[in-house]
Each structure stands twice: as C-alpha cells, then as structure tokens.
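Structure first, commentary second.
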Amino acid sequence: MGANILLKIHRDFMTPDLTAETFMPHVNSEFVANSGENPQVLTLNEVAVNHCDPRLEQFSLFFRGTPASVLPQGNYLLKHAELGAIELFVTPIIALPHWPGDLVYYEAVFSRLRQQSS
C-alpha cells in the first residue's frame, strides 16, 4: 500500500506541464527556495536536455546560489514570479568548467516516459 501511495505522489508531482521548454525562458531568473527561516535565492543557470532515448523525456535544471549557505540535498519549494511555486528535489553539485567557480551550484533532474500520443 505504501509503495502505491508513493507512486501516486510521484506521478502527480512529475506533471507533463513541467518541461524543459517551461524553464528555458526563465534562465537567469530567480527562484526563492523555502529552506526554513532563511530563504535562499537560486538563479536558474542552465537548462540541459538529454536526447539519449526517444522514449524518455530527460532534462536537468542547473541553479546557482551563494556559498554563504549551502542547501543540503532535498525537496524544496521554489517560488518564481511567473511560474509560481514548484517543489523540486535539488542536489548541490560541483561547478562545470564553463561556470564561475566562486558560487554554489545545484541540479534538479527530470526523467520520465514520454506521453503517448492519442
């Protein structure tokens, strides 16, 4: 029973409304991460699409933040002026070579089966 509930939550959360195209116009815009008493401002740094399997929709959102306070890996409610509130699982990562090294970076990964056309 518990696994079924978890699967339902996962399916509801991974709505097809959230695509790479949803986020691309918002590169360099700010998202506020609800992290308790001290909300963190994360800037969407990059949207990367992976085309390795035509049956899968896979993309990553890369955010940058200040090194003053690093968010641990976990679920965060990210609020955006145009997109509203979105809950994402983010993980701190090492900066890619083409990014400035004096910031903290985070990744949110999306990987799901593509919707079947009717």
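What follows draws every value from the coordinates through simple rules; no lab data is involved. Not measured: the values here are computed from a predicted model. Don't worry about glycine lacking a Cβ; one is built from the backbone with ideal geometry, like all the others, and counts go over all protein chains shown.
In terms of modelled amide H atoms, which long-range or inter-chain residues lie less than 5 Å from the amide H of Ile93?
The list, which skips near neighbours in sequence, is Tyr105, Tyr106, Glu107.
Per residue, how big is the convex hull of the stretch 17-113 when only Cα atoms are used? Give it in Å³. Please list the in-between numbers first.
Details: hull volume 10.0 nm³, N = 97.
Here the figure is 103 Å³ per residue.
Using the count of nearby Cβ atoms within 10 Å as a rough guide to exposure, how do Arg64, Arg114 rank from fewest to most?
Arg114, Arg64
Local charge sum around Val90 (other residues, Cβ-Cβ under 15 Å, Lys/Arg +1, Asp/Glu -1)?
Values: positive: Arg64, Lys79; negative: Glu30, Glu46, Glu87, Glu107.
After counting each charged neighbour, the total is -2.
Arrange the following residues from fewest to most other Cβ atoms within 10 Å of their Cβ: Asp17, Asp102.
Result, fewest neighbours first: Asp17, Asp102.
What is the fewest-to-most order of Val90, Val32 by other Cβ atoms lying within 10 Å of their Cβ?
Values: Val90 24, Val32 16.
So the ranking, lowest neighbour count to highest, is Val32, Val90.
Mind checking the full-extension length gain between Arg112 and Leu56? Use 0.36 nm per residue of separation minus the Cα-Cα distance, one decimal, nm.
19.6 nm
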